[in-house]
1. Would you confirm whether or not segment 71-86 contains a residue that is near the ligand (Cβ under 10 Å from one of its atoms), in contact with a Leu (Cβ under 6 Å, 6 or more places away or on another chain) and of a type in the set (Gly, Ala, Ser)?
2. Which pairs have Cβ atoms under 6 Å, sit 6 or more apart or on different chains, and link a residue in segment 58-87 that is free of Cβ contacts under 8 Å to residues at least 24 places away in the same chain to one that is surrounded by fewer than 17 Cβ atoms within 10 Å (Cβ to Cβ) and outside any loop (DSSP other than H, G, I, E, B)?
3. Could you look through segment 22-36, keep only residues that are within 13 Å of Glu12 (Cα to Cα) and in contact with a strand residue (DSSP E or B) (Cβ under 9 Å, 6 or more places away or on another chain), and pick out the one that is nearest to the ligand (Cβ to nearest atom)?
4. I'd like the residue in segment 61-88 that is crowded, with 21+ Cβ neighbours inside 10 Å and closer than 19 Å to Tyr32 by Cα and, out of all such residues, is nearest to the chain's Cα centre (by Cα).
Amino acid sequence: MFKVTTLDAEFELLPDESLLAGLERTNHAVEYQCRSGYCGSCRVKLLAGRVSYREMPMAFIAEGEVLACCCVLESDVAVACCLRADEADGKGGE
Ligand code: FES
């Protein structure tokens, strides 16, 4: 499985897990609405690595950004995403 490095953590995507789902599972601060490439809410900056799309998404993506809900990792990646504030300051679960 491919490794995802964020600004705060590292984890491996599970089989068939989207980048968005992996970021949610590991308590990262990610936004989403449609989860299917239409709204662009889940855009994150790709710092390293390669992704592709099964179908070209409808949402606008700027140079260097990816849609976490529908991109398919082609390599280990690094993305500009942080842990949720309650996790990053050690207060998670309180
Ligand atoms: S959540 Fe809408 S494009 Fe990803």
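1. no
2. Gly64/Lys45; Glu65/Lys45; Val72/Ser52
3. Filtering segment 22-36 for residues that are within 13 Å of Glu12 (Cα to Cα) and in contact with a strand residue (DSSP E or B) (Cβ under 9 Å, 6 or more places away or on another chain), the one nearest to the ligand (Cβ to nearest atom) comes out as Leu23.
4. From segment 61-88, those crowded, with 21+ Cβ neighbours inside 10 Å are 66-71, 77, 79, 81; that's our starting set.
In the following step, the residues that additionally are closer than 19 Å to Tyr32 by Cα were identified as 66-71, 79, 81.
On the way: Val66: 8, Leu67: 7, Ala68: 4, Cys69: 7, Cys70: 9, Cys71: 9, Val79: 7, Cys81: 7 Å.
Once the filter is applied, the top-ranked residue is Ala68.
Just so you know, all these numbers are worked out from the coordinates, no wet-lab data involved. The shown structure was predicted, so the numbers you read here are calculated from the model rather than taken from an experiment. With ideal geometry, Cβ positions are generated from the backbone for all residues, glycine too; neighbour counts draw on all protein chains shown.
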